[in-house]
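A short reminder: the numbers here are calculations on the coordinates, not readings from a lab. Worth saying up front: this structure is predicted, and the values here are computed from it rather than measured. Neighbour counts are summed over all protein chains in view; Cβ atoms, including those assigned to glycine, are modelled from backbone coordinates with ideal geometry.
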Amino acid sequence: MPGCWKRRGPPQISHIWSSPSDGASTHEPPRARILLVDDVPANLVALEAILEPLRQEMVRVSSGAEALKALLLGDFACILMDVQMPGLDGFQTAALIKQRERTRTIPIIFLTALSRDAAHIFKGYAHGAVDYLLKPFDPEILRSKVSVFVDLFLKEQQIQRQAELLRQREREALERQSEQRSRGLIDAMPHNVWVLSPHGEVQYANRAW
């Protein structure tokens with residue numbers, strides 16, 4: 001028995017990480033990723049400054065196409081997206097995001113400085129937005145809204161980790177039970193059964209042996 005910035009080159013995705021405080025533990029709490037989508041560099045800088053106190057990971061892109069590529073590389077707690085952009089505008093990008101099984105539940109907050117009429121706002125909600133903010137907006141309000149989505153995302157991630165840990169422990173328990181049953185059957189056999197190591201040492205022997 002065997003024993004980013006608007007540019008004319010290829011799309012580029014920029015990642016912004018909050019730096020840890022001095023003396024912080026190497027075991028930092030998990031952080032969420034926030035996707036910032038705007039073709040105006042100054043707007044991306046402003047969003048980063050507003051959200052920096054949340055100390056989460058921010059990914060900035062300058063077009064709808066870049067946003068879709070970024071969403072293929074990881075999970076995000078929420079998306080802050082400008083409506084007026086060249087190429088794919090915010091509404092078109094949101095529609096494509098909602099078509100994907102993996103990304104359809106990511107909250108999208110639309111940001112715009114131009115369209116204030118009710119029809120345009122309703123169009124934003126129809127394309128899957130959870131909120132529609134008009135510029136200039138209150139930084140504290142935006143930060144508070146994003147903080148809610150970050151908390152929900154992190155709690156969901158924690159639940160998933162706990163569920164996986166429980167499944168792993170259940171598998172280990174079943175493996176131990178299976179091994180114990182096998183040992184019991186082998187011990188009850190009237191024939192000699194043993195297991196040798198590659199060096200010829202006896203690793204296991206049943207009662208008959």
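Rounded to two decimal places and with Rh computed the Kirkwood way over Cα pairs, what is Rg over Rh for segment 47-172?
1.03
Give me the one-decimal nm value for the distance between modelled label points at ASP75 and GLU48, 7 Å along each residue's Cα-to-Cβ direction.
In this crude label model, ASP75 to GLU48 measures out at 2.6 nm.
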